[in-house]
Amino acid sequence: MTNSLFPTFAPLLRTLTTTELEAEIAQPRHLLIETGEARGKRIDVAYAPFDHVNLNADVVIVGLTPGRQQMRNALVAARRSLLNGRTEAQAAEDAKVFASFSGPMRSNLVAMLDSIGLNRTLDITTAGSLWAGDAYRVHFTSILRYPVFMDGTNYTGAPSPTAIPLLRTQLMKWFADEMKALPNAVFVPLGPVAGEAVDLVAAQVELDRRQVLSGLPHPSGANAERIAFFLGRKPRDQLSDKVNPEKLLAAREALTDKVSGLRARD
């Protein structure tokens with residue numbers, strides 16, 4: 001594992017009862033890493049086992065931060081693995097399985113990655129195989145590795161993490177470490193907040209900007225209209241006023257060109 005807090009919290013996970021673990025998930029105390037304030041709101045950074053980094057990855061999918069449900073899934077999986085006699089490294093990897101995307105979000109992401117040609121660059125039939133036979137080639141992470149809560153609820157990216165000293169420190173301490181460990185991988189940030197942060201860290205660690213594929217619409221179901229237009233499934237004249245077609249067209253063209261450039265470089 002790269003820089004990791006798992007060894008610090010593994011003894012606690014071994015001793016917590018199920019009831020105690022659920023209480024920690026609801027209101028972290030022993031799992032609280034850091035706390036602060038931004039614009040009058042309390043910010044808590046809690047531990048959950050998202051430490052594992054796949055050092056063989058060719059592609060890094062980058063979200064914002066794990067939410068409380070992901071936190072629960074990862075903690076439960078890590079605790080179960082430790083109690084079953086798995087090593088700390090194995091338990092950390094087991095827990096990270098829950099960081100991958102599922103359901104409609106995964107389908108949307110696969111469709112967009114295929115539409116810009118990333119599957120051809122990777123020489124695979126579809127990006128969907130990154131969740132199957134080619135899973136060893138992908139690393140799932142977040143710009144804020146450990147769960148962040150604002151006034152007790154999932155942090156959604158506002159204010160920007162780059163504008164909050166506590167969160168900017170988290171970004172540079174953990175995500176920058178992962179980027180340095182994967183100097184040849186392609187990074188795919190999901191949404192503009194993650195994109196801004198990935199661009200910032202890439203500049204800091206001097207990663208080739210051609211390896212950062214910023215500009216994809218976030219694959220969540222709430223973005224269905226933008227995704228449909230990006231994929232050519234919805235005509236321009238049927239778009240609502242909430243969608244900026246020119247921005248999406250420019251992003252799709254830029255991403256397609258960038259991915260083509262990666263193939264040429266290889």
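Every read-out reported here was derived from the displayed coordinates using simple, explicitly stated rules and does not represent laboratory data. Computed from a predicted model, the values in this text were never measured in an experiment. As a convention, Cβ positions derive from the backbone with ideal geometry for all residues, glycine included, and neighbour counts pool all protein chains shown.
Take the chain, mark every one of the trypsin sites (Lys or Arg not before Pro) that falls in a DSSP loop and has at most 15 other Cβ within 10 Å, then report the longest stretch left between them, sites excluded. Walk me through the numbers on the way to the answer.
On the way: sites that count: Arg29, Arg39, Arg86, Arg233, Lys242.
Within the chain, the longest run free of exposed trypsin sites (Lys or Arg not before Pro) spans 87-232.
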Q) Over all distinct alpha-carbon pairs, what is the Kirkwood Rh of segment 163-266 in angstrom? A) 15.2
Q) In whole percent, what relative contact order does the chain give with Cα contacts below 8 Å and a gap of six or more residues? A) 22
**Q.** All lysines inside 25 Å of Lys234 as judged from Cα atoms, apart from same-chain residues fewer than 8 positions distant
**A.** Lys242, Lys247, Lys258
**Q.** Asn3 long-range amide H proximity, modeled H, under 5 Å
**A.** none
Q. With a Cα-only, solvent-free Debye model of segment 77-157, what are the log10 I(q)/I(0) values at q = 0.18 Å⁻¹?
A. -0.93
Q | Placed amide H near Leu32: partners under 5 Å, 5+ positions off or other chain | A | Tyr47
Q. Antiparallel DSSP bridges in the chain: what percent, to the nearest 5?
A. 50
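Given the convex hull over the Cα atoms of segment 130-189, what projected area results after averaging over all orientations, in nm²?
Numbers: hull surface 20.3 nm².
So the Cα hull casts an average projection of 5.1 nm².
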Q | Long-range tail of P(r) for segment 48-184 (Cα pairs > 17 Å, %) | A | 63
Q) If one puts a single equal scatterer on every Cα of the chain and applies the Debye formula without solvent, what log₁₀ I(q)/I(0) results at q = 0.10, 0.17 Å⁻¹? A) -0.52, -1.38
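For segment 39-121, state the average projected area of the convex hull of the C-alpha atoms over all orientations, rounded to one decimal in nm². Mind dumping the intermediate values first?
Details: hull surface 31.5 nm².
Computing the convex hull of the Cα atoms and averaging its projections yields 7.9 nm².
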**Q.** Unit charges at the beta carbon, dipole of segment 119-266: most positive-side option, Ser214, Tyr155, Gly128
**A.** Gly128
(Q) Let's see if you can work this out: charge +1 on each Lys and Arg Cβ, -1 on each Asp and Glu Cβ, no other charges. What is the dipole magnitude of the chain about its Cα centre, in debye to the nearest 20? (A) 280
Q.
Taking a virtual spin label 7 Å from the Cα of Glu225 along the C-beta vector, which residues in segment 140-162 bring their backbone nitrogen under 14 Å of it?
A. none
Q | Computed over segment 32-76, Cα set: Rg, Dmax in Å | A | 13.5, 42
**Q.** Hz values of 3J(HN,Hα) by residue in segment 103-114 - Karplus curve (6.51, -1.76, 1.60), Gly and Pro given as x
**A.** x, x, 4, 5, 4, 5, 5, 4, 4, 5, 5, 5
Q. Volume per residue, Å³, of the convex hull around the alpha-carbon atoms of segment 176-224?
A. 71
